[in-house]
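J.: Shown below is the structure under consideration.
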Amino acid sequence: TTLFRSYGSAVTQNGQTLDLIVKPVGDFECKGKLDASRFGSKNSQIGILSVTAGTSQAFEFTFVQHSTNNPVAPQSMMISFMDLDQGKKDKQRESVEICGAADTITTDDTEVELTVNGNCVKATSTTHGNGKDNPDVLEEMSQSQRARTVAYKINSASFTATLGVSKKGHNPRRFNFAGNPTVACVLK
């Protein structure tokens, strides 16, 4: 099964509504514990993508004019990846890498390790987390939840995010994302 997700009315800027289309880059199959239920939306604010332990997968994010396939570059768009954490004893470390972002933002007390390679910035988890500490409402994120978040400033109609999970473990890890600064406006 190939994966293709459309997030309708993802952004409204200057009176124009944009949809977000997310699709995997290259060969990708939903199989085993990595099935279609592990992709989609957590709620109206937060999207979900999943990756199996010991693998990485690139996803292309494209903003398009509402109900079309016409790419449109959003203005001052921030894409946040939240809940970057890992299993016990450094198992299943999560990472997100985006190349060509205009800026990358974390909190002053971040629990995310940033690595720069050319124009690519990779954010990797450093802290164990459990399902009870996941964000549900962006405006109500705790400081701990913000510390496990990275925001990338996007200036183009499309970008590629490579999501990775280190080895050890059987269940896919979920990546939460939102088109919202989440950390940019509330730095402590």
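J.: If only one of Q16, Q45 is more than 17 Å from I79 (Cα to Cα) and of a type outside the set (A, V, I, L, M), which one is it?
T.: Q16 is the lone residue from the list that is more than 17 Å from I79 (Cα to Cα) and of a type outside the set (A, V, I, L, M).
J.: Output the residues belonging to segment 61-80 that are in contact with a Pro (Cβ under 8 Å, 6 or more places away or on another chain), among the aliphatic types (A, V, I, L, M) and crowded, with 21+ Cβ neighbours inside 10 Å.
T.: Hit for segment 61-80 is M78, nothing else.
J.: Please enumerate the residues belonging to segment 5-17 that are more than 18 Å from the chain's Cα centre (by Cα) and not small (G, A, S).
T.: T12, Q13, N14, Q16, T17
J.: Report yes if T124 is open to solvent by less than 30 Å² (accessible area, probe 1.4 Å) and over 24 Å from L20 (Cα atoms), otherwise no.
T.: Against the criterion (open to solvent by less than 30 Å² (accessible area, probe 1.4 Å) and over 24 Å from L20 (Cα atoms)), T124 qualifies.
J.: Which of the residues that make up segment 117-153 are part of a strand (DSSP E or B) and either among the basic types (K, R) or in contact with a strand residue (DSSP E or B) (Cβ under 8 Å, 6 or more places away or on another chain) (or both)?
T.: Listed by number, the residues that qualify are C120, V121, K122, A123, T124, S125, H128, V150, A151, Y152, K153.
Residue by residue, here is whether (1) free of Cβ contacts under 8 Å to residues at least 60 places away in the same chain; (2) assigned to a strand (DSSP E or B); (3) among the β-branched types (V, I, T); (4) in contact with a Gly (Cβ under 9 Å, 6 or more places away or on another chain) holds:
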| residue | (1), (2), (3), (4) |
| --- | --- |
| T62 | no, yes, yes, no |
| S67 | yes, no, no, yes |
| L84 | no, no, no, yes |
| S95 | no, yes, no, yes |
| I98 | no, yes, yes, no |
| T110 | yes, no, yes, no |
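So that you can scan it fast, the table gives a plain yes or no per residue for (1) open to solvent by less than 60 Å² (accessible area, probe 1.4 Å); (2) of a type in the set (D, E, K, R):
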residue: Q13; (1), (2): yes, no
residue: K23; (1), (2): no, yes
residue: D27; (1), (2): no, yes
residue: S44; (1), (2): no, no
residue: G54; (1), (2): yes, no
residue: F59; (1), (2): yes, no
residue: M82; (1), (2): yes, no
residue: V96; (1), (2): yes, no
residue: I105; (1), (2): yes, no
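J.: Of the residues that make up segment 128-141, is at least one surrounded by 15 or more Cβ atoms within 10 Å (Cβ to Cβ), out of contact with any helix residue (DSSP H, G or I) (no Cβ under 7 Å at 6 or more places or on another chain) and closer than 16 Å to I154 by Cα?
T.: The answer is no; no qualifying residue exists.
J.: Go through Q92, Q145 for me and flag whichever is in contact with a helix residue (DSSP H, G or I) (Cβ under 8 Å, 6 or more places away or on another chain) and surrounded by 12 or more Cβ atoms within 10 Å (Cβ to Cβ).
T.: Only one candidate passes the filter, namely Q145.
J.: Next question, about the same structure. Which residue pairs have Cβ atoms closer than 6 Å, lie 6 or more positions apart in sequence or on different chains, and pair a first residue in segment 115-127 that is touching a residue at least 24 places away in the same chain (Cβ under 8 Å) with a second residue that is β-branched (V, I, T) and in a strand (DSSP E or B)?
T.: V121/T104; K122/T115; A123/V96; A123/V112; A123/V150
J.: Against the condition surrounded by fewer than 19 Cβ atoms within 10 Å (Cβ to Cβ), more than 13 Å from the chain's Cα centre (by Cα), within 27 Å of L18 (Cα to Cα) and of a type outside the set (A, V, I, L, M, F, W, C), how does E113 come out, does it pass?
T.: Details: surrounded by fewer than 19 Cβ atoms within 10 Å (Cβ to Cβ): yes; more than 13 Å from the chain's Cα centre (by Cα): yes; within 27 Å of L18 (Cα to Cα): no; of a type outside the set (A, V, I, L, M, F, W, C): yes.
So E113 fails the test.
J.: A follow-up question, please. Evaluate segment 111-119: report whether one residue or more is among the small types (G, A, S) and under 24 Å from A10 (Cα atoms).
T.: No, there is no match, as no residue in segment 111-119 is among the small types (G, A, S) and under 24 Å from A10 (Cα atoms).
J.: Right, next: Within segment 148-188, restricting attention to residues that are charged (D, E, K, R) and modelled with pLDDT of 90 or more, which residue is surrounded by the most Cβ atoms within 10 Å (Cβ to Cβ)? I'd like the intermediate steps shown before the answer.
T.: Quick first cut of segment 148-188, residues charged (D, E, K, R) only: 148, 153, 167-168, 173-174, 188.
In the following step, the residues that additionally are modelled with pLDDT of 90 or more were identified as 148, 153, 173-174.
On the way: R148: 30, K153: 16, R173: 24, R174: 17.
Among those that are charged (D, E, K, R) and modelled with pLDDT of 90 or more, it is R148.
The values are calculated or read from the model by the stated rules, or taken from the named source; none is laboratory data. These numbers were taken from a predicted model, which means no experiment stands behind them. Neighbour counts run over all protein chains shown; Cβ positions are idealised from the backbone, glycine included. Remember, those area values only see protein heavy atoms, side chains included, never the ligands or the DNA or RNA. Shrake-Rupley method; radii C 1.70, N 1.55, O 1.52, S 1.80 Å.
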